[in-house]
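So the structure is just underneath, and the comments pick up after that.
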Amino acid sequence: YEEQVTVKSYVHLKGSGFATTRISSAVNGNQNNATSATLILPANSQLSDLSVENAATQQDGVAIHVNSGNSDTVINTVKTRTVGSGGDRHVGIYLNGGTAYLTEVTAETAGGTVGNWAIFNSAASPIVDGATLAATGGGSANALRLNGGNPVIQNSTLRADQSAAAYAVEGTGAGTHT
């Protein structure tokens, strides 16, 4: 399915697995705005068993943008890829406030010239369990980029490489990482 998708509150979008159900686009814009994301997920919604990709080659590209998630905002068994060649910043999952729950998520990002961030956490306090987060290349590669918030990361693998500033976790914020 190739289009930008906005999930409504109180809806669970469930696919048939990563390899079978794929939502993709090349939308771009400012990473802080949901309009730069392939899939927009509001509070009180769920996403599971599918892959979401963004192949933006200019400005910023985001696979999933979570708007003010809460404990009923769930991303489960989802794979994201943000790998367009070019553009400034590529983000797998952008968490904009709230307390979303992410489990068994794989987020891969590469191709941005300024930054590649598997998860960009903007003042959110998510629980991330059993995730694989990988960021490669650009001026900054972070598996988890913190801009405030208090995330709990557990039972997860974080990898960042091939960048002058490659860090598994970077930025400001508190949180627990195990």
ask   = When the accessible area of the chain is split by element with a 1.4 Å probe, what percent falls to carbon and sulfur?
value = 46
message = Sort 88-97, 114-123, 101-110 by the packing proxy (mean of other Cβ within 10 Å over each peptide's residues), most packed first.
response = 88-97, 114-123, 101-110
task = With mean projected area of the Cα convex hull in nm² in mind, check [x] 8.0; [y] 14.3; [z] 12.1 and report the label derived from this structure.
result = [x]
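Antiparallel DSSP bridges in the chain: what percent, to the nearest 5?
Of all bridge pairs located within the chain, approximately 0 percent are antiparallel.
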Separation of alpha-carbon centers, region 50-108 and region 123-178, rounded to whole Å = 13
request  = Using the Karplus curve 6.51 cos²θ - 1.76 cosθ + 1.60 with θ = phi - 60°, work out ³J(HN,Hα) for each residue of region 87-92 in order, rounded to whole Hz, and write x for Gly and Pro.
outcome  = x, 8, 10, 10, 10, x
task = Could you check which residue among Leu144, Leu158, Leu41 shows the biggest mean-square fluctuation in a GNM of the chain with a 10 Å Cα cutoff?
result = Leu158
query = Tell me, what is the percent relative contact order of the chain, built from C-alpha pairs under 8 Å that lie six or more residues apart?
reply = 15
inquiry  = So with the 1.4 Å probe, I'd like the accessible area per residue for region 75-177, rounded to whole Å².
reply    = 36
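The values are calculated or read from the model by the stated rules, or taken from the named source; none is laboratory data. Everything numeric here is computed off the predicted structure, so don't read it as measured data. So basically every Cβ, Gly included, is an ideal-geometry build from the backbone, and we count neighbours across all protein chains shown. Heads up: the accessible areas ignore ligands, DNA and RNA and are worked out on the full protein's heavy atoms, side chains in. Shrake-Rupley method; radii C 1.70, N 1.55, O 1.52, S 1.80 Å.
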